Amino acid sequence: MHAMVKFFNDIPGYGFVTAEDLNEDGFVHSQVLNDCGFYSLMQGQKLLIRIDDSGRGPQVHAVRLLDD
């Protein structure tokens, strides 16, 4: 699914993404980024994500950066 970074804070290591297909923002943790080979996100970055509903809301489980 295509998404955009809404917010990411390196200090606590988490943030949120938004996408047209989501009813609410998706949570992304820095460990997911580390597993995918990078360490931070910037507001407005375009992403390709895999997201699952953990029972506590949508959570990102895989991320790939998209070129603008």
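Key figures for this structure:
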{"quantity": "Positive-end residue of Phe7, Ile49, Cys36, charge dipole of the chain with Cβ unit charges", "calculated": "Cys36"}
{"quantity": "R0 of 30 Å, Cβ-Cβ distance Thr18-Phe38: FRET efficiency to nearest 0.05", "calculated": "0.95"}
{"quantity": "Sum of -39500 (n - 2.57) over DSSP H runs of 4+, divided by residues of the chain (222 nm, nearest 500)", "calculated": "-2000 deg cm²/dmol"}
{"quantity": "Label selected from (1) 34; (2) 45; (3) 30, the criterion being percent of Cα pairs over 17 Å apart as computed here", "calculated": "(3)"}
{"quantity": "Total formal charge among the other residues, if their Cβ is under 13 angstrom from that of Phe38, Lys/Arg +1 and Asp/Glu -1", "calculated": "-1"}
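FYI, it's all coordinate maths here, none of it is from the lab. Because the structure is a prediction, the values reported are computed rather than measured. Positions of Cβ are backbone-derived with ideal geometry, glycine not excepted, and every protein chain shown enters the neighbour counts.
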